[in-house]
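Worksheet: the structure to be examined is printed underneath.
The values are calculated or read from the model by the stated rules, or taken from the named source; none is laboratory data. Nothing here was measured: the structure is a model prediction, and the numbers come from that model. FYI the Cβ positions are ideal-geometry reconstructions off the backbone, even for glycines, and counts take in every protein chain you see.
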Amino acid sequence: MTSPIRTERHDDVLVIISDNPPVNALGHKVRQGLKDGIEQALSDDSVKAVVIRCDGRTFFAGADITEFGKPPVGPNLPETLDEMEASDKPVVAAIHGTALGGGCEVALACHYRVAVPSAKMGLPEVKLGLIPGAAGTQRLPRVVGVENALPMVVQGNPITAKKALEIGLLDQIVGEDSLEADAIAFARAQIGKPVKRSSEGTAQQDGVKNPGLFDEFRAKNARRIRGVHAPEAGIQAVQAATRLNYADGVKKERELFVELMSGTQSAAMRHYFFAERAANKIDDIDPQTKTIEIAKVGVIGAGTMGGGIAMNFLSAGIPITILEMKQDALDRGTGVIRKNYERTAARGRMKPEQVDQAMGLLTTTLDYADLADCDLVIEAVYESMEVKIDVFGKLDEVVKQGAILASNTSYLNVDEIAQATKRPGYVLGLHFFSPANIMKLLEIVRGAETRDDVLMTAMKLAKKIGKVAVVSGVCHGFIGNRMLSPRQVQANALLMEGAKYWEVDDVLLEFGFPMGPFQMADLAGIDIGWHRDPSKVTNIREALCAADRFGQKNGKGFYDYDEARNRTPSDEVQSIIADFARKEGHEQREISTDEIRERLLYPMVNEGAMILDEGMAQRASDIDVVWINGYGWPLTTGGPMFWADTVGLDVVLAGLEKHGLPVSDYLRRKAEAGERFN
Ligand code: 3HC
């Protein structure tokens, strides 16, 4: 068996090197190699110190997640690290890239840690529904104190080398290009001195002196950790480091880790980790396909959507030209963009000079000809096929050949739009979600004639502007909105049949969505598309508008709102709904929360099944990525398709049948064969 670990001698220092691409995950061969390397150093009297480093793009990025849930092979990480720490010869971690999770725990088990300035360190296990499982929660607070350890364990965001040095996680920052030599020199300087073991002593005194720190942290992070198991487990593990001796603290960490690992939340979050990466891959296109260089982008429309889209590119340093029909629309649009940046800067998330830098990349125009030299133009105009066809016809005439023309349509047929040009191969959909500068999701709509290099360019560009991209085929509403539609139909039907609208919202909130459909309607404005004729009321929205209930904007929609925008259910609305239902001939009845949940969510799964069957999504996990990033589907359930797998497709099928709802052949086949989507 070839080992990914090799050793090199530099006089009295043994360097243990891992070469396990792509990210030096700590799979069983790596753990075995590390153990062998340490044993080699300990058994050789001429070795006086040890350096551990990695080849490739990063220090160990953590445990090998693909091994989770499988029978353990080779030495386990905690024992390997204990053996390393027990050494009397100084062991130095030499860090570049990202020392994450188990990788950070390797570093913590070393006696000393040095890193290049660009390195980052962190314990992101919580993002996989876990806590560190190789004594990270016990060693870290002993090294950096509870106050510094808590956010690292509970929030999981990596910290910079500079910060790591400040809090004592690093002993030295070394040259960006001289990591190995500097680490060897550092190790040699420790020879003969007593080693520093992170497991010794108690957690630094801040958490001991102020036991209230843990509850304060819980209270401060209440919103973020509500309903998620791992953060609370992380708090308890760090707290154990202040109350228990090291060995008992490690035992506590293990108990918590094992419980999380066997739970559905972690399974769902690990599924999502791989789902997001899988979504990057297009099955039938060679990943080496040459992409088109995008040096300048045009955006048509300076409204909320166009402005938000433009900000993505400006923030990534790509020049933008925005086109509008009227100067005042351009002025308003650019004003909003500047204000958004200034607000970000005021919150300290951007330097003031970066605001000017971003705005400096923005030009505006009223003339299509100014878009001629763009490599990509994204249209974000009114959602009407007629308007889009007109815009694409104009673009095709003026924009240089070889440039990509994209539509931000949410529903319309991208193939029909492409036919308005003489370059349908260069046309695709780029469906951003509002607010487009913030929402992570980008649906990339692949038309029948979209060229491979055009699609690959869009995927690459999405990554550059920080989006999570998913490819969708051409269908009404693509992946996300298409699945939203049956949920909305059921939400409205439930009201007609007697469910209270706040119960419908609360079922989804309870499930983990940030908002229910009626809260959403209030936020967006109920009067969108309102014809202003109270005598023509054909649905509940119109009935509410006729009663001057427009949503949050005038303090009353489905809910009544106070100054602080707190919502209270309204008796008036309930009676408007009941009257309307009566007029439409619906009998109202009590509806259980189980029925509400099943009728809202199972039809979405059924729609997802049809999307898969029709090949509109490449894989079930892509659908999960869309719903988690675009619509707030709770990550802890892994997305609609993974959730359906967890519930059982036979249960979903039976639920749909029980409620008299449509069942697709694909879902039925899968359920009857006892299969899963993912
Ligand atoms: N195990 C297995 N595979 C991993 C992995 C891991 N820990 N981390 C990354 N990979 C794989 C990815 O799936 C991807 O595979 P693919 O090319 O087949 O899709 C490949 O490595 C490259 O990953 P990215 O596309 O994410 O590469 P980036 O350069 O964008 O990011 C990274 C690199 C920042 C290291 C990122 O991969 C990452 O965040 N990895 C996970 C880190 C993590 O969560 N570590 C904790 C693991 S749990 C743990 O350590 C438990 C311990 O306490 C016992």
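Miscellaneous remarks
- Residue in segment 447-457 that is among the polar types (S, T, N, Q), closer than 25 Å to Gly393 by Cα and surrounded by 19 or more Cβ atoms within 10 Å (Cβ to Cβ) present: yes
- Restricting segment 571-592 to residues that are among the polar types (S, T, N, Q) and surrounded by fewer than 14 Cβ atoms within 10 Å (Cβ to Cβ), the residue that is nearest to the chain's Cα centre (by Cα): Ser592
- Some residue of segment 264-276 being surrounded by fewer than 19 Cβ atoms within 10 Å (Cβ to Cβ), away from the ligand (no atom under 16 Å from the Cβ) and under 29 Å from Gly632 (Cα atoms): yes
- Failed item, numbered, when Asp665 is tested on (1) farther than 19 Å from Arg277 by Cβ; (2) within 29 Å of the chain's Cα centre (by Cα): (2)
- Residue match in segment 190-208 (condition: among the charged types (D, E, K, R) and free of Cβ contacts under 8 Å to residues at least 12 places away in the same chain): no
- Lone unmet requirement of (1) in contact (Cβ under 8 Å) with a residue 40 or more places away in the chain; (2) more than 22 Å from Leu509 (Cα to Cα); (3) not basic (Lys, Arg) for Gly632: (2)
- Selection status of Val30, more than 10 Å from the ligand (Cβ to nearest atom) and more than 21 Å from Ser198 (Cα to Cα): yes
- Flag: Gly101 does not match the condition of being within 16 Å of the ligand (Cβ to nearest atom), surrounded by fewer than 24 Cβ atoms within 10 Å (Cβ to Cβ), at positive phi and not aliphatic (A, V, I, L, M).
- Strands (runs of 3 or more DSSP E) fully within segment 420-510 counting 2 or more residues that are free of Cβ contacts under 8 Å to residues at least 40 places away in the same chain and either closer than 23 Å to Glu607 by Cα or out of contact with any strand residue (DSSP E or B) (no Cβ under 7 Å at 6 or more places or on another chain) (or both): 441-445
- Whichever residue in segment 60-98 is of a type in the set (Val, Ile, Thr) and under 30 Å from the mean Cα position of the chain (by Cα) and, among such residues, is nearest to Ala187 (Cα to Cα): Ile95
- Residue check for Ala109: within 11 Å of the ligand (Cβ to nearest atom), within 19 Å of Ala241 (Cα to Cα) and in contact (Cβ under 8 Å) with a residue 60 or more places away in the chain: no
- Taking segment 122-152 as the range and being within 8 Å of the ligand (Cβ to nearest atom) and small (Gly, Ala, Ser) as the test, the residues that pass are Gly133, Ala134, Gly136.
- Helices (runs of 4 or more DSSP H) completely within segment 285-403 that count 1 or more residues being out of contact with any Pro (no Cβ under 6 Å at 6 or more places or on another chain) and over 21 Å from Ile438 (Cβ atoms): 327-346, 352-360, 385-398
- Test result for Pro78, more than 20 Å from Glu166 (Cβ to Cβ), within 12 Å of the ligand (Cβ to nearest atom), surrounded by fewer than 24 Cβ atoms within 10 Å (Cβ to Cβ) and not β-branched (Val, Ile, Thr): yes
- Unmet criterion (only one of (1) touching a residue at least 12 places away in the same chain (Cβ under 8 Å); (2) farther than 17 Å from Met325 by Cα) for Ile378: (2)
- Strands (runs of 3 or more DSSP E) completely within segment 1-87 that count 1 or more residues being assigned by TED's automatic domain parsing to the domain that holds Val116 and free of Cβ contacts under 8 Å to residues at least 40 places away in the same chain: 5-10, 13-18
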